[in-house]
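No value in this document is a laboratory result; all are computed from the given coordinates. What you see is a predicted model; the values in this text were computed from it and never measured. Cβ sites come from the backbone with ideal geometry, for glycine too, and all protein chains shown count toward neighbours.
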């Protein structure tokens, strides 16, 4: 699949500018493909906001990216966040774990939130629950709402400074598991000293990546032409 992507991109580039095609190297093609790869994932999962969450997600989009969907456990710490003393935990998504005991670290890197499960304890009882995603603007409102804040309903999570925060009201967080889109491995054709790495998305998305990569190349070519024309004008003057 990575070989096909290189071939198809070279065909497109050759049609655009055969002189540029002669200069482009395999590692440069991989660099451009990886740039287009990340852009496609963000676009297909609707990541158009500061929360790193795909609000416009659909089952089809998740299926398209199924090889990038991972579930891992997270460390967390209790914070003194609200003045009223309700429990808020900062979830560490920089290091993810394969097991709930937090022993075996995952090699995957978090990219976009999909969903989460938490184990919450109240007194001697514990309960596994999904979470309610809220926005920063809703925090103040929910603090004064006795029917919808986490003291009476399911735990809530919100995003701040690139981190996940869980608000559990008067309950204690015992365990947190996140399902997310992982940062994909960078594709590599494997011909210039580094191991081969294929795409991790559905084949039809690779075709989109190639088209997007060709657009990046067109921008590069046009930029070079503009710079060249500008230099020629300066020389004439």
## Note on the structure
In nm, the gap between the two label points placed 7 Å beyond Cα toward Cβ at residue 172 and residue 27 is 5.4
### Query
Ranked from highest to lowest mean number of other Cβ atoms within 10 Å per residue, what is the order of the peptides 162-168, 210-216?
162-168, 210-216
### Query
For region 63-182, max minus min Cα coordinate along each principal axis, in Å, sorted largest first?
41, 32, 24
### Query
Exposure proxy check: 222, 86 ranked by fewest other beta carbons within 10 Å?
222, 86
### Task
Give me the distance in nm between label points sitting 7 Å out from Cα along the Cα-to-Cβ direction at residue 202 and residue 7, one decimal.
2.4
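Let me make sure I get this right: for region 93-144, a, b and c are the square roots of the gyration tensor eigenvalues over alpha carbons, sorted descending. Under 1.5 in a/c it's rounded, otherwise prolate if a/b > b/c, else oblate. Which is it?
Cα axes put region 93-144 in the oblate bin.
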## Note on the structure
Expressed in nanometres to one decimal, the distance between label points 7 Å along Cα→Cβ at residue 186 and residue 119 is 3.8
